[in-house]
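The values are calculated or read from the model by the stated rules, or taken from the named source; none is laboratory data. Every value quoted in this text rests on a predicted model; they were computed, and no experiment measured them. Cβ atoms come from the backbone with ideal geometry, glycine included; neighbour counts cover every protein chain shown. Keep in mind that these areas ignore ligands, DNA and RNA; they rest on the heavy atoms of the full protein, side chains included. Shrake-Rupley method; radii C 1.70, N 1.55, O 1.52, S 1.80 Å.
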Amino acid sequence: PPAQGQRPLIISSANGLHALDKGMDILKKGGDTLDAVVAAVTVVEDDPNDDSVGYGGLPNEEGEVELDASVMHGPTHRAGAVAAVRRIKNVSRLAKTVMENTNHLMIVGDGARRFAVEEGFGEMNLLTEHSRKIWLAWKAKTSFNWRPGIDSPEWKEFMSSLFDGDEKRIAYAERVIAHPPTGTIPCMAVDAKGDISATTTTSGLSWKIPGRVGDSPIIGAGCYVDNEVGAAGSTGKGEENIKICGAHTIVEMMRQQKSPTDACLEAMARVAHNYGNNKKKLNTFHLYFYAVNKDGAHGAVSLWRNGYEASKQASYAVHDGSAARLVPCKPFFDEAGGDQ
């Protein structure tokens, strides 16, 4: 990223690349930064082919999709969040509704679902056929009772029948079964005036214990904004980020004049320090931090050089008004790793 920032600017995790145009259109028209980031991530939440957030997200261990999200509006210093929400697709917009229409900051579980219905959100089954089949394959892999019986051909034949012999889909299912994804999309924007907002939305850790909540809806961990400084967000293993209040840490480092990239490196160093920089232990998860400052400078750091796919370099999405593009993350460990 250039040393001098550019405004307006909107960034997200790599899975938001195709959605940033939506947010930039709002910024260019002088719209609110929170409207811009929520509009962008809504595109991903609505996409049944993206199993990291919203509709089609990979479910918990009982086959229920549970969603988390938070928003933070820099100009008014307000925030909203929801967690462990079932049957409501657009939880980033729901978190914004909590911020705008209540005197609360976070609503969770069935209370959040009921609040959504009262506010006019429609309920729906969030489990797509694609995600349901992967969940069934996970059940078969992890539970003897959900596997074909001893009188049937075993795993390979079962997977082939489940996915109609599609080798690509079988390979993907086996990868997410072995290494449960922590799919998320954080999105941060700064407008031409320097106002900043952010959101983070997720379906959380695949096959999680029902009710598990990660960092995405936690203000100061998965999402944080200070309109005088900048914004930060995260993807990856939320438990590790919560322990160091990563997004807040990054914004505080930028307040001390660190660049967005250096601020993210400081947060990642604290995560690694919790494990004595033991790469064997750190290799059991992946983590990313993303940041933008008030001037429109941006940066991101990945724990490992690779993305969730070992063969691909970790990257994030940036739109500076010309076009959305992928930019490499700065790796904390310049080697492949991560149990994803």
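Rounded to a whole number, what % of the accessible area of the range 4-118 do carbon and sulfur atoms account for, probe 1.4 Å?
Working: 1950 of 4420 Å².
Roughly 44 percent of what the probe reaches on the range 4-118 is carbon or sulfur.
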Query - Cut-off 10 Å between beta-carbons: net charge of the residues surrounding Asp195, Lys and Arg +1, Asp and Glu -1 - result: +1
Query raised in the report: Anyone know which of Gly214, Gly299, Gly165 comes out most mobile in the 10 Å Cα GNM of the chain?
Result: Gly165
Query raised in the report: Taking R0 as 22 Å, what's the FRET efficiency between Lys141 and Asp164 from their Cβ-Cβ distance, rounded to 0.05?
Result: 0.75
Query raised in the report: lysines near Lys133 by alpha-carbon distance under 16 Å, same-chain residues fewer than 8 away left out - which ones?
Result: Lys141, Lys156, Lys168
Report summary line: Filtered hits (lysines, Cα-Cα < 16 Å from Lys330, offset >= 8 within chain) -> Lys258, Lys312
Query raised in the report: What nm distance separates the two modelled labels at Asp21 and Glu157, each placed 7 Å from Cα along Cα→Cβ?
Result: 4.8 nm
Query raised in the report: Cβ under 11 Å from Ile185's Cβ, Ile185 left aside: what net charge do those residues give with Lys, Arg +1 and Asp, Glu -1?
Result: -3
Query - Among Val43, Trp135, Asn277 - extreme Cα towards positive end, dipole of the chain, charges at beta-carbon - result: Asn277
Query raised in the report: Could you name the aspartates and glutamates in cross-link range of Lys237, using Cα to Cα under 18 Å and dropping any fewer than eight places away on the same chain?
Result: Asp51, Glu61, Glu66, Asp68, Asp215, Glu266, Glu309, Asp339
Query - Global geometry of the range 246-340, whether rounded, prolate or oblate, following the gyration tensor of its Cα atoms and the 1.5 cut on a/c - result: oblate
**Report entry** Candidates Val271, Val117, Val301: whichever shows maximal mean-square fluctuation once the chain is modelled as a Gaussian network with Cα springs under 10 Å
**Finding:** Val117
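Assuming 1.306 mPa s and 10 °C, estimate D for the chain with Stokes-Einstein, Rh taken as the Kirkwood radius over Cα pairs, in µm²/s.
Stokes-Einstein gives a translational diffusion coefficient of 80 µm²/s.
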Query - Test item: Cα-centred dipole of the chain, Lys/Arg +1 and Asp/Glu -1 on Cβ, debye - result: 540 debye
Report task. Take the alpha-carbon centre of the range 203-255, take the same for the range 120-145, and report the distance between them in whole Å. Result -> 26 Å
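Hey, what's the chain come to in accessible area per residue, 1.4 Å probe, Å²? Spell out each step's value before the answer.
Numbers: 14030 Å² over 340 residues.
It amounts to 41 Å² per residue over the chain.
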